Amino acid sequence: MNKWLCLVCLLGCLCLAGCQSDSGGVTQKVLADFGIGEHPEGYVSGSDKVYQQLDTVGMAEMKRMNTEGREGQIKFEQDGLKGRYYKEAKVYEGAHPVDVKASTASADRGFVGFIEYEFRLFRGEAKPTRAEAAAQTADISTDTTGREMMRYNFTVAGTWDGGKGERSKQ
């Protein structure tokens with residue numbers, strides 16, 4: 001019985017010694033993943049990878065949203081008994097990464113990144129008909145500015161899925 005116990009202990013010690021590397025790489029990574037040990041030098045978490053990409057995503061999405069919004073919307077303003085139509089367009093001027101969180105949806109593992117966009121409203125010259133207002137370009141800058149928060153999905157590896165952002169209040 002004593003011989004078997006010594007043999008099992010010896011095999012266990014050999015297995016543990018064989019799994020360790022000089023820098024404790026595997027063991028250190030496992031401990032760090034469970035929040036017990038420190039991350040090894042050069043370690044970049046998935047959320048850090050996503051946060052580094054948010055600037056690029058923000059610029060690409062800002063360009064897409066400005067292209068889509070180029071046509072603007074036709075609006076109507078009442079002036080006493082008469083009214084006039086004008087075109088209004090939202091132009092995005094800045095994108096700022098805000099936060100990255102792990103996705104909580106069980107089917108969609110990965111990360112969710114949040115970007116805040118700054119915009120300014122531009123309008124066209126007021127016209128008596130909707131058709132004339134639609135033919136105008138919205139190139140008159142207004143004092144109306146605002147901010148919008150958008151949410152983007154990223155894979156487990158930290159790459160953007162290329163999808164449009166969803167409005168979010170976070």
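The values are calculated or read from the model by the stated rules, or taken from the named source; none is laboratory data. Computed from a prediction, not measured in an experiment: that's the story for all the values here. Here the Cβ is made from the backbone with ideal geometry for all residues, glycine too, and neighbour counts use every protein chain on show.
Observations on the model:
- The range 46-74 - residue that is surrounded by 15 or more Cβ atoms within 10 Å (Cβ to Cβ) and free of Cβ contacts under 8 Å to residues at least 40 places away in the same chain and, of those, nearest to the chain's Cα centre (by Cα): Asn66
- Qualifying residue in the range 136-151 (condition: in contact (Cβ under 8 Å) with a residue 60 or more places away in the chain, outside any strand (DSSP E or B) and over 30 Å from the mean Cα position of the chain (by Cα)): no
- Residues in the range 90-135 that are among the charged types (D, E, K, R) and either in contact (Cβ under 8 Å) with a residue 60 or more places away in the chain or touching a Cys at 6+ places or on another chain (Cβ under 8 Å) (or both): Asp99 alone.
- Test: Leu121 is buried (at least 17 other Cβ atoms within 10 Å of the Cβ) and more than 19 Å from the chain's Cα centre (by Cα): yes
- Test: residue in the range 86-104 that is closer than 20 Å to Pro128 by Cβ and touching an Asp or Glu at 6+ places or on another chain (Cβ under 7 Å): yes
- Scanning the range 67-123 for residues that are hydrophobic (A, V, I, L, M, F, W, C), under 26 Å from Val156 (Cβ atoms) and not in a strand (DSSP E or B) turns up Ala105, Ala107.
- Residues that are modelled with pLDDT of 90 or more, loosely packed, with under 15 Cβ neighbours inside 10 Å and not basic (Lys, Arg), drawn from the range 141-170: Ser141, Thr142, Asp143, Thr144, Thr145, Gly146, Glu166
- Close pairs (6 angstrom Cβ cut-off, 6 or more residues apart or separate chains): of a type in the set (A, V, I, L, M, F, W, C) in the range 156-168, in a loop (DSSP other than H, G, I, E, B) anywhere: Val156/Arg109; Val156/Gly110
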